[in-house]
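To start, the structure under review is shown below, and the notes come after it.
Throughout, read-outs are computed from the coordinates displayed, never taken from laboratory work. Quick caveat, the model's predicted, so the values are computed rather than measured. Here the Cβ positions follow ideal geometry from the backbone for every residue, glycine too, while neighbour counts run over all protein chains shown.
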């Protein structure tokens, strides 16, 4: 009989945070990753079982997933890794969770809905900061204004990004932005729209970005028009606008290689002090076709700390609750108040 769950990408920045928190909570996941020494070192430190294999070794992946109820996938860029992993999950009837924030990945996973139903497994993408808090906020707002046709979401964080997140961002630089319009995902220019948003603690210039909710919030709320904004310094927004003139260059192999080398050498991720003291601030607004609107704000722990917490919450709930098979967003699976189960989270109507 299948037991437990497996974390793949366990020694990465976020995977390690999740593994460490799991042990603190008395959980015993199996750790897995590509590098045997790094995986073993972490597993030995935490007193956990471990496996090492590359995702291209599908027989090893299949053997690993045969013996677990769920996979928590933490190895990005997910656009490159998810198709292989998800295919094996369907084959072995293993529930799938990940911490992606990539629109194309959410869309890919959503399109496996019928296959997942046939396999009797749940597909739960985006169980970290991308997109648990924003997805729950979107569903909360939809509940306040059921006939909403426009949704705007925004967030302001602190502490920087991990190496994996930076690599994913670099990989998508040449693609520009994305919004949802009349139910369809629409490519737009980078920094397509800029506005000042009141996050409660302060007002901040925020720029339209291709965040995961452009995909997921539509499934959660059925609202056809969606934009997501992120607070950014004016200099960064100016650079984003200018990048539209040379976006073709950003996708070239040698430029991507430069970004990868730089990120691998220079970026580590927020330190423990930042994770423990930092906060993230989210804002959302829905509007109906008569102009009536509702706004709300959400305050959460720092993004990576929150990711570890919500990823494990979602995994445990998936293993214990009788969730329907198929694709679900976090709020579809657990409701708009799921985020309020995290200590320190506050939600307020504006």
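Some notes on this structure:
- Value of relative contact order over the range 132-302, rounded to a whole percent, pairs C-alpha under 8 Å and six or more apart: 37 percent
- Mean ellipticity per residue at 222 nm, deg cm²/dmol - from DSSP H runs of n ≥ 4 across the chain, formula -39500 (n - 2.57): -12500 deg cm²/dmol
- If R0 is 35 Å, the Cβ-Cβ spacing of residue 288 and residue 238 corresponds to a FRET efficiency of close to 0.55.
- Remark: the residue 25-residue 63 segment gains 11.0 nm on full extension, using 0.36 nm per residue and subtracting the alpha carbon distance.
- Estimated from the Cβ-Cβ distance and a Förster radius of 30 angstrom, the FRET efficiency linking residue 44 and residue 93 is about 0.45.
- Note on the chain: with a GNM built from Cα contacts shorter than 10 Å, the maximum mean-square fluctuation among 318, 46, 252 falls on 252.
- Look at the alpha carbon pairs under 8 Å that are at least 6 residues apart: their mean separation over the length of the range 1-110 gives a relative contact order of 27 percent.
- Placing pseudo-labels 7 Å out from each Cα toward the beta carbon at residue 196 and residue 272 gives an inter-label distance of 4.1 nm.
- Between the helical axis of 78-92 and the longest alpha-carbon principal axis of the chain there is an angle of about 50 degrees.
- Inter-label distance, nm, simple model (7 Å from Cα along the C-beta direction), residue 245/residue 188: 2.2 nm
- Equivalent ellipsoid of the range 132-302: semi-axes from √(5λ) of the C-alpha gyration tensor, largest first, are 28, 20, 14 Å.
- Percent RCO, i.e. relative contact order, over the chain, from Cα pairs under 8 Å lying at least 6 residues apart: 21 percent
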